[in-house]
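First comes the structure, then the notes that go with it.
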Amino acid sequence: EIVLTQSPTTTAASPGEKVTITCLASSSVSNMYWYQQKSGASPKLLIYSTSSLASGVPDRFSGSGSGTSYSLTINTMEAEDAATYYCQQWSSNPLTFGSGTKLEIK
Amino acid sequence: QVQLQQSGAELVKPGSSVKISCKASGYTFTSYDMHWIKQQPGNGLEWIGWIYPGNGNTKYNQKFNGKATLTADKSSSTAYMQLSSLTSEDSAVYFCARWGLGWYFDYWGQGVMVTVSS
């Protein structure tokens, strides 16, 4: 099983600040996916195929990476971005998610 | 528009079983894999498995073999997950999610809270 380790576990950012979340895979994966989950809601796709922005997602979000290291960046933090973020892979079975990064607004 | 409507919250006793549903609308149910994901309170997401409603094919995370059984009813466009021999470790929110043609989860149900308690 590929284990995805996210860092940081929790972080806080001020409006306008840049935020980067990292996802390290225990083995190489071909692509990474990122989801945002707000409290009490279902996850929502943000980034697919490592760096492609999902429909309707603001362009302040971006993804990058390869091999075992991937990242999600929010260029300018907004209050509505406060949520928990998960990375996900399915390069090999079973499909796995990262442990999550909780992002709060300062 | 695509919608996945899940059944209501369940309170069940240890050792029993529960069957939760996910009714799909707004697309051809038989053409997309339906996945199930577990989220324990305050925890992350755990993949249970998928079913292809077109032919009933399933694939499970080995961890959930014997715990979860996925089925689908084409006539009502509804996917089901039965969880058996329930323990407190099964208390969680369970999501259904459609696996889109772009190879990602593009639509999610609202989640079903299952609480296992005597």
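Rounded, prolate or oblate for segment A:35-87? Axes are the square roots of the Cα gyration tensor eigenvalues, ordered a ≥ b ≥ c, and the cut-off for rounded is a/c under 1.5. Please list the in-between numbers first.
Working: a/c = 1.70, a/b = 1.44, b/c = 1.18.
Verdict is prolate for segment A:35-87.
If a paramagnetic tag sat 7 Å from the Cα of A:Ser91 along the Cα-Cβ line, which residues of segment A:57-83 would have the backbone N under 17 Å from that point? Residues passing the 17 Å test: A:63-72. Of the residues B:Tyr52, B:Tyr94, B:Tyr32, the one that moves most in a GNM of chain B with alpha-carbon contacts below 10 Å is B:Tyr32. Mind listing, in residue-number order, the residues in segment B:44-93 that have at least 20 Å² less accessible area with every protein chain present than in their own chain alone (1.4 Å probe)? Residues shielded by partner chains are B:Gly44, B:Leu45, B:Trp47, B:Lys59, B:Asn61. Note that the protein assembly as shown shows a convex hull volume over its alpha carbon atoms of 117 Å³ per residue. The HN-Hα couplings worked out from phi for segment A:47-53 by the Karplus form 6.51 cos²θ - 1.76 cosθ + 1.60 (θ = phi - 60°) are 10, 10, 6, 6, 9, 8, 7 Hz, whole numbers, x standing for Gly and Pro.
Between amide H atoms placed 1.01 Å from N, distances below 5 Å from A:Leu46 occur with A:Trp34, A:Tyr35, A:Gln36, all of them 5 or more places distant or on a separate chain.
Which part of segment A:5-27 falls in the paramagnetic zone of A:Ala79, meaning amide N under 12 Å from the point 7 Å along Cα-to-beta-carbon? What the label zone holds, given the 12 Å backbone N cut-off, is A:15.
At 1.4 Å probe size, with every protein chain present, just tell me what the per residue accessible area of chain B comes to in Å². Please report the intermediate quantities before stating the final value.
Values: 5490 Å² over 118 residues.
So chain B comes to 46 Å² accessible per residue, rounded to a whole number.
Could you compute the FRET efficiency for B:Ser76 and B:Leu11, with r as their C-beta to C-beta distance and R0 at 22 Å, rounded to 0.05? Don't jump to the answer; show the numbers that get you there.
Numbers: r = 25 Å, r/R0 = 1.13.
Once the sixth-power term is evaluated, E becomes 0.35.
Rolling a 1.4 angstrom probe over the protein heavy atoms with all chains in place gives chain A an accessible area of 44 Å² per residue.
When a 1.4 Å probe is rolled over the protein heavy atoms, the share of accessible surface on chain B that falls to carbon and sulfur comes to 47 percent.
Computed in the context of the full set of protein chains, the accessible area of chain A at 1.4 Å probe radius has 45% of its extent on carbon or sulfur. Basic side chains Lys and Arg get +1 at the Cβ, acidic Asp and Glu get -1 at the Cβ, and with that the dipole of segment B:7-118 about its Cα centre reaches some 140 debye. Specify whether the C-alpha gyration tensor of chain A places it in the rounded, prolate or oblate class, a ≥ b ≥ c being the square roots of the eigenvalues: rounded for a/c under 1.5, otherwise prolate if a/b is larger than b/c and oblate if not. Verdict is prolate for chain A. When the charge dipole of the protein assembly as shown is built from unit charges on Cβ atoms (+1 for Lys and Arg, -1 for Asp and Glu) and taken about the Cα centre, the candidate among A:Phe61, A:Gly98, B:Tyr80 whose Cα reaches farthest toward its positive end is B:Tyr80. Here the Karplus relation 6.51 cos²θ - 1.76 cosθ + 1.60, evaluated at θ = phi - 60°, turns the backbone of segment A:10-15 into coupling constants of 9, 7, 9, 9, 7, x Hz, with x for every Gly and Pro.
Assuming charge only on the beta carbon of Lys and Arg (+1) and of Asp and Glu (-1), the dipole of chain A about its Cα centre is about 40 debye to the nearest 20. If you count Lys pairs in the protein assembly as shown whose Cα atoms are under 14 Å apart, skipping same-chain pairs closer than 8 places in sequence, the total is 7.
Taking 4.7 Å between C-beta atoms as the pairing limit, the protein assembly as shown has no partnerless cysteines. Using a Gaussian network model of chain B in which every pair of alpha carbons under 10 angstrom is joined by a spring, one finds that among B:Gly54, B:Gly102, B:Gly26 the greatest mean-square fluctuation is at B:Gly102. When its C-alpha radius of gyration is set against 2.2 N^0.38 Å (N residues), chain B gives a value of 1.00. Between the amide H of B:Ile48 and those of B:Trp36, B:Ile37, B:Lys38, distances stay under 5 Å, these residues lying 5 or more places away or on another chain, with hydrogens modeled in the peptide plane.
With solvent modelled as a 1.4 Å probe, how much accessible area in total do chains B and A shield from it at their shared surface, in Å² to the nearest 100? Write down the numbers at each step before the final one.
Values: alone 6190 and 5400 Å², together 10120 Å².
Interface area, both chains combined: 1500 Å², rounded to the nearest 100.
Amide H to amide H distances under 5 Å link A:Glu78 with A:Gly16, where only residues 5 or more positions off or on other chains count and H is placed in the peptide plane.
The values are calculated or read from the model by the stated rules, or taken from the named source; none is laboratory data. Nothing here was measured: the structure is a model prediction, and the numbers come from that model. Note: ideal-geometry Cβ built from the backbone for every residue, glycine included; neighbour counts use all protein chains shown. Protein only, heavy atoms only, side chains kept; ligands, DNA and RNA dropped before computing areas. Shrake-Rupley method; radii C 1.70, N 1.55, O 1.52, S 1.80 Å.
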